[in-house]
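A.B. asks: Provided herewith is a single structure, encoded as structure tokens, for subsequent inquiry.
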Amino acid sequence: MKKILILFSHPKFEKSRVNQALVNHIKDKEQVTIHDLYEEYPNFHIDVVKEKELLSQHDIIIWHHPFYWYSCPPLMKQWMDMVLEFNWAYGPEGNALQNKTCLNVITTGGSREVYCSEGYNSFTIRQFLRPFEQTAILCGMTYFPPFAVMGTHTLSDEDLNDYKNNYGKLIDLLQADLSINDFDNKSFLNDIPQLKAT
Amino acid sequence: MTGSILFEAIVFLAGAIICVSIAKRLGLSSVIGYLLAGVLIGPYVLGFIGQEGQDILHFAEFGVVVMLFLIGLEIEPKNFWNMRKTILGMGGIQVGGTMLLSYILFAALGFDWKVALVISMAVALSSTAIALQTIKEKGLMNTTFGTSSFSILLFQDIIVIFMLGFIPLLANSEHKTSTENHSEHANLLENLPVGLQTLAIILSVVLIIVAGRYLIVPMLRKVAKTGVRELLIAAALLIVFGISFLMEYVGISPALGAFLGGVVLSNSEFKHELESTLEPFKNLLLGLFFMAVGASINFIVIAKSPLTIGGILLAIIVLKAVVLFITGHIFKLKLDQKLLLTFSLAQIGEFAFVLLSFAFGLNILEQEQMDMMLVITALSMSITPIISMINERLILPKIGTKESIKRPMDHIAKSQKIILVGFGHFGSTIGRFLRSHGVEATILDHDSNRVDFLRKMGFEVYYGDATRLDLLESAGISEAKIIICATNKLSVSKAISKIVKEKYPHVEFMIRTKNRYDAYELLNLGHQNIYRESLETSLTLAKDVLSKMGFRKYTLTRQVQNFIKYDEDSLRRLASEPKREDDYIFKAKKELEQQEKFLNEDFKRGVVDYDNHWDSEHIRKALENPNTKK
């Protein structure tokens, strides 16, 4: 069973209905470490040594965060800036993260329809996530498509329930060694047949 | 006319005001001013006060009692217990050594052995009033020298009980009747066997401790509830009077009893109220006491045999100084602490008046001998503050911990000089952090042990009173960029700011304060960089409490920042309000009202309502009801 590290960053978790549902649903799973960055580093003073150790101990890294202004909350960017060091995560001798798997789990207020060239956000989620994708690639990780909970402002309780169950199933699939060939060029992990089936 | 109480009061008060303000202007201790005032108004110079000086002396000794009560208030029982070795050791060596040497001296001068013994007892005791007043005035109570002096003085207070019990044994039996003359010293227990006397003394000490807890504190609570200020003053005086009375009744020094009473009450919530209430009484009574000492110097006795008296006076002071120096040496005090101790306790104290007149009443001493010793006592008390001053100004700067050690300054210190006043717990943290950034602050401190230690660590440290402009100048105030006042004494920070702002207005001040009230004062003096020591630490604690209860840390961290900003704003707003009542009890009441006001305002702001960032709730609401704005 693969070990999953969820780097969760939300500056106001206590006010987030959707993220509470998601996190609470998976937090007791075996071999899953939820690392709550805003609770761990309220002063943005990140313990780089500790973060590196955590990364080394896990096979799959999930950046779980709300999609603020087409990006992640600032503490997560801080985390990337500080932890992914030259010659550790990347660079000629940087191979600490080689062959690990990496993906984003995001929540967005806007629905999937508005993230396209015709919608008011003009670009797709995959386009907005390019910096994360390239970061993963530079660090030698395999980057998976995102799992996205979208349209959270108008999300019904039933839909939220589906999302959280799917998140749980996704974790199980990842731990059971989901491979990149299983995606069939899907833009979102939400759309893979194993999750669609239910 | 001299008999009128009003007239005497006028004479004393005017004398004090004139002489003490002159002494202070010359940079001398206020004790010297009072003594000088006493000499001036006494029977031999201006003659305003006649022989009643002795009575006034007796009355004013009450100032010493109040002072020891106040010192007791500052010592918690646990600390007192920790001091027991120093008290017994240093006190024992000092009293024993001095008695031995002075007995040899007076026996050699041809005095009867009994007389020599009584005098040696009197000589062994130093003046609590003069020594402690001077130490407190200089803020040296917490130095090694301060606690050593205090321990010795406390031991003397205890040993004097035994001396008073022992002296009657020296009296010839046919004079026994004359003890009756001394009814004020006679007490309930005089006729009891020694064992019962001891028991009574122990019982009364226990009584003080028990009464402190279960009688005095509840009484003070009741009094405080009435909100009548005078009642609190009355209660405070009642406590001190009561303890003194009880102690005299069983034959213990009232000062010692008052000290114990103070220690018992040091843990109570009334500590500060008692302090602020009794402080003015103590100061006035002590002033009166010093003036009475000055007035009681009998110049006719001096004129009769100036050489003998001068010789004995000198011999006694040298003898006491030698014993004190050795005592300090045994207890491994540093050289300058030893010298401070030596010179501040080298006088004969006020207990000598009691012992000598008691022995005179028992016909052990003759009139002449007593007169001579009383004059010597008064003179020695007047001289020691002057000797101490010479020690501090001329001797100390040359030996031991020097005021400064010249050290080549590195380039940072040269270009942006920082002066740090006070290197206690607060200041040392600042100093360490600055140093970790390569910034070497120039440190000023008045504890020589600490100063030597810091110098060993390589800090540039100046030793002495930071309110002296010359010391600040030699520490380089003229080219300083910032001066940090890390002392916990508002008076020191204010004094420094006053002298520095006048001459070096370019120096920026950064000041530690205890609380809002000190901060108000500094704000009104035009200071902006004020750091309340309690603000951030208490908020950090509160934040951690809420975090343990389940609140999110990041939100709390932001709230703490908001709270600090809000509190700082309100501080500045309230500072400009008209001056507040100075009385402690009203101040405390006012403070509670103010706290309540803050809490109400906090409540009105709502706990998290104004902190809406990243909260999608309101967006959702707006999307659900597109017609309502926001």
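The values are calculated or read from the model by the stated rules, or taken from the named source; none is laboratory data. Predicted model only: the values in this text are computed from it and were never measured. Ideal geometry is used to build each Cβ from the backbone, glycine not excepted, and the neighbour counts take in all protein chains shown. The protein model used for the area step is the full one, side chains on, heavy atoms only, and it has no ligands, DNA or RNA in it. Shrake-Rupley method; radii C 1.70, N 1.55, O 1.52, S 1.80 Å.
A.B. asks: For chain B, what is the accessible area per residue in Å², given a 1.4 Å probe and the full set of protein chains?
C.D. replies: Numbers: 31130 Å² over 630 residues.
About 49 Å² of surface per residue is accessible.
A.B. asks: List the residues whose amide H sits under 5 Å from the amide H of B:E508, counting only those 5 or more places along or on another chain, with H placed 1.01 Å from N in the peptide plane.
C.D. replies: Under 5 Å from the amide H of B:E508 lie the amide H atoms of B:I482, B:I483, each far enough along the sequence or on another chain.
A.B. asks: Where in region B:337-352 does the label zone of B:I395 land, with the point 7 angstrom along Cα→C-beta and an amide N cut-off under 14 Å?
C.D. replies: B:337-347, by backbone N distance to the label point.
A.B. asks: Further, regarding this structure: Share of Cα-Cα pairs in region B:281-366 beyond 19 Å, in percent? Provide the component values of the computation, followed by the final result.
C.D. replies: Working: 2174 of 3655 pairs.
So the pairs more than 19 Å apart make up 59 percent of the total in region B:281-366.
A.B. asks: What's the percent breakdown of Cα-Cα distances in region A:4-196 across 10 Å bins, shortest bin first?
C.D. replies: Bin by bin from 0 Å, the calculated values are 8, 37, 40, 14, 1.
A.B. asks: Please list the non-local residues whose amide H lies under 5 Å from the amide H of B:E460, H modeled 1.01 Å from N, same-chain partners needing a gap of 5 or more.
C.D. replies: When sequence neighbours closer than 5 places are left aside, the close amide H contacts are B:I443.
A.B. asks: For region B:207-213, just list the computed ³J(HN,Hα) in residue order, Karplus coefficients 6.51, -1.76 and 1.60, θ = phi - 60°, integers in Hz, with x standing in for Gly and Pro.
C.D. replies: With coefficients 6.51, -1.76 and 1.60, one gets 4, 4, 5, 5, 4, x, 6 Hz.
A.B. asks: Ok, one more. What's the extension gain from A:N99 to A:Y70 if we count 0.36 nm per residue and subtract their Cα-Cα distance?
C.D. replies: Working: separation 29, 0.36 × 29 = 10.44 nm, distance 2.70 nm.
Stretched out fully, the A:N99 to A:Y70 stretch lengthens by 7.7 nm.
A.B. asks: Could you compute how much accessible area chains B and A hide from each other, both sides summed, with a 1.4 Å probe? Nearest 100 Å² is fine. Each step should come with its number before you reach the end.
C.D. replies: Details: alone 31970 and 9930 Å², together 40240 Å².
Answer for the B-A pair: about 1700 Å² buried.
A.B. asks: Take B:I386, project a point 7 Å from its Cα along the Cβ direction, then tell me which residues of region B:308-337 have their backbone nitrogen under 17 Å from it.
C.D. replies: B:308-318
A.B. asks: Compute the angle between helix B:335-344 and the longest alpha-carbon principal axis of chain B, please, reported from 0 to 90 degrees and rounded to the nearest 10.
C.D. replies: 60 degrees
A.B. asks: Another question about this same structure. B:L215 to B:D112: FRET efficiency via 1/(1 + (r/R0)^6), r the Cβ-Cβ distance, R0 45 Å, to the nearest 0.05?
C.D. replies: Working: r = 48 Å, r/R0 = 1.07.
The calculated FRET efficiency here is 0.40.
A.B. asks: Ok, one more. Collect residues whose amide H, placed 1.01 Å from N in the peptide plane, falls under 5 Å from the amide H of B:S253; neighbours closer than 5 in sequence don't count.
C.D. replies: Residues meeting the criterion, in which the H sits 1.01 Å from N, are B:I161.
A.B. asks: Describe numerically, in nm with one decimal, the distance between label points set 7 Å from Cα along Cα→Cβ at B:R229 and at B:Y504.
C.D. replies: Going from the B:R229 label point to the B:Y504 one covers 3.9 nm.
A.B. asks: Whole-Hz ³J(HN,Hα) for each residue in region B:70-82, computed from phi via Karplus 6.51 cos²θ - 1.76 cosθ + 1.60 with θ = phi - 60°, x for glycine and proline: what do you get?
C.D. replies: 5, 5, x, 4, 8, 10, 7, x, 4, 5, 4, 4, 5
A.B. asks: Provide the three semi-axes, in whole Å and in decreasing order, of the ellipsoid equivalent to the protein assembly as shown as defined by the square roots of 5 times the Cα gyration tensor eigenvalues.
C.D. replies: Values: eigenvalues 1159, 166, 132 Å².
Values for the protein assembly as shown, descending: 76, 29, 26 Å.
A.B. asks: On a C-alpha basis, how far is the centre of region B:434-466 from the centre of region B:286-330 in Å? Whole number, if you could?
C.D. replies: Using only Cα atoms to place each centre, the spacing works out to 38 Å.
A.B. asks: Also, quick follow-up: When DSSP beta bridges are limited to those with both residues in region A:4-196, what percentage is antiparallel, rounded to the nearest 5?
C.D. replies: On the way: 1 of 24 bridges.
Taking every DSSP beta bridge with both residues in region A:4-196, the antiparallel ones total about 5 percent.
A.B. asks: Of the listed pairs A:K77/A:K169; A:K3/A:K77; B:K489/B:K565; A:K52/A:K77, which have alpha-carbon separations greater than 21 Å here? It would help to have the intermediate numbers written out before the result.
C.D. replies: Numbers: A:K77/A:K169 28 Å; A:K3/A:K77 23 Å; B:K489/B:K565 25 Å; A:K52/A:K77 15 Å.
In this structure, A:K77/A:K169; A:K3/A:K77; B:K489/B:K565 exceed 21 Å between Cα atoms.
A.B. asks: So, one more: Grab the other residues whose beta carbon is less than 14 angstrom from that of A:D59, score K and R as +1, D and E as -1, and report the net.
C.D. replies: Values: positive: A:K2, A:K3, A:K100; negative: A:E30, A:D177.
Surrounding charge for A:D59 is +1.
A.B. asks: Tell me, what is the FRET efficiency for B:R620 and B:S436 to the nearest 0.05, using R0 = 51 angstrom and their Cβ-Cβ distance as r? Spell out each step's value before the answer.
C.D. replies: Details: r = 48 Å, r/R0 = 0.95.
Working from the Cβ atoms, E equals 0.60.
A.B. asks: Distance from the Cα centre of region A:109-177 to that of region B:497-554, in angstrom?
C.D. replies: With region A:109-177 and region B:497-554 each reduced to a Cα centre, they are spaced 47 Å.
A.B. asks: In whole Hz, with x marking every Gly and Pro, tabulate ³J(HN,Hα) for region A:97-112 from phi via Karplus 6.51 cos²θ - 1.76 cosθ + 1.60, θ = phi - 60°.
C.D. replies: Rounded to whole hertz, the list is 9, 3, 6, 6, 10, 9, 7, 9, 10, 10, 10, 10, x, x, 7, 4.
A.B. asks: Give me the extension gain from B:L100 to B:S305: residue separation times 0.36 nm, minus the current Cα-Cα distance, reported in nm with one decimal. Write out the running numbers ahead of the final one.
C.D. replies: Working: separation 205, 0.36 × 205 = 73.80 nm, distance 2.58 nm.
Extra length from B:L100 to B:S305 when fully extended: 71.2 nm.
A.B. asks: Here is a further query. Averaged across the residues of B:547-556, what count of C-beta atoms belonging to other chains lies within 10 Å of each residue's C-beta?
C.D. replies: Numbers: counts 2, 0, 0, 1, 1, 10, 7, 17, 8, 1.
That works out to 5 on average.
A.B. asks: Moving on to the next point. In nm, give the distance between the simple-model label positions of B:E536 and B:Q594, each being 7 Å from the Cα along the Cα-to-Cβ direction.
C.D. replies: If labels sit at B:E536 and B:Q594, their model points lie 2.2 nm apart.
A.B. asks: Which of the chymotrypsin sites (Phe, Trp or Tyr not before Pro) across region A:1-73 are loop residues per DSSP, with 12 or fewer other Cβ within 10 Å? Show your work: numbers first, answer last.
C.D. replies: Working: sites: A:F8, A:F13, A:Y38, A:F44, A:W63, A:F67, A:Y68, A:W69, A:Y70; in loops: A:F44, A:F67, A:W69, A:Y70.
Loop-located and lightly packed - A:W69.
A.B. asks: At a 1.4 Å probe, what is the % contribution of carbon and sulfur to the accessible area of region B:312-390?
C.D. replies: Details: 1840 of 2520 Å².
So the carbon and sulfur contribution to the accessible surface is 73 percent.
A.B. asks: Give me Rg/Rg_expected for region B:1-118, where Rg uses Cα atoms only and Rg_expected = 2.2 N^0.38 Å with N residues. Provide the component values of the computation, followed by the final result.
C.D. replies: Numbers: Rg = 20.1 Å, N = 118, 2.2 N^0.38 = 13.5 Å.
For region B:1-118, the normalised Cα radius of gyration is 1.49.
A.B. asks: Moving on. Calculate the spin-label point distance for B:S547 paired with B:Q416, positioning each point 7 Å from the Cα along the beta-carbon direction, and give it in nanometres.
C.D. replies: 3.0 nm
A.B. asks: Size of chain B along its principal axes in angstrom, Cα-based, largest extent first?
C.D. replies: Largest first, chain B extends 113, 61, 50 Å along its Cα principal axes.
A.B. asks: Let me ask something else about it. Per residue, how big is the convex hull around the C-alpha atoms of region B:211-368? Give it to me in cubic angstrom, could you? Working shown, then result.
C.D. replies: On the way: hull volume 27.7 nm³, N = 158.
Given the Cα convex hull of region B:211-368, per-residue volume reads 175 Å³.
A.B. asks: For chain A, report the accessible area per residue in Å² (1.4 Å probe, heavy atoms, rounded to an integer). Display every interim value, and only then the final one.
C.D. replies: Numbers: 9110 Å² over 198 residues.
Accessible area per residue: 46 Å².
A.B. asks: Run the numbers on region A:1-38: which residues show a drop of 30 Å² or more in accessible area, chain on its own versus all protein chains together, using a 1.4 Å probe over heavy atoms?
C.D. replies: The answer is A:P11, A:K12, A:E14, A:K15, A:R17, A:Y38 - residues whose exposure falls by at least 30 Å² when every protein chain is included.
A.B. asks: Note down the relative contact order for chain A as a percent, whole number, built from C-alpha pairs under 8 angstrom at least six residues apart. Intermediate values should be presented prior to the final figure.
C.D. replies: Values: 282 pairs, mean separation 45.1, N = 198.
23 percent.
A.B. asks: Okay, next question. Return the FRET efficiency for the residue pair B:R25, B:S276: r is the Cβ-Cβ distance, R0 is 25 Å, and the value is rounded to the nearest 0.05.
C.D. replies: Values: r = 27 Å, r/R0 = 1.07.
Once the sixth-power term is evaluated, E becomes 0.40.
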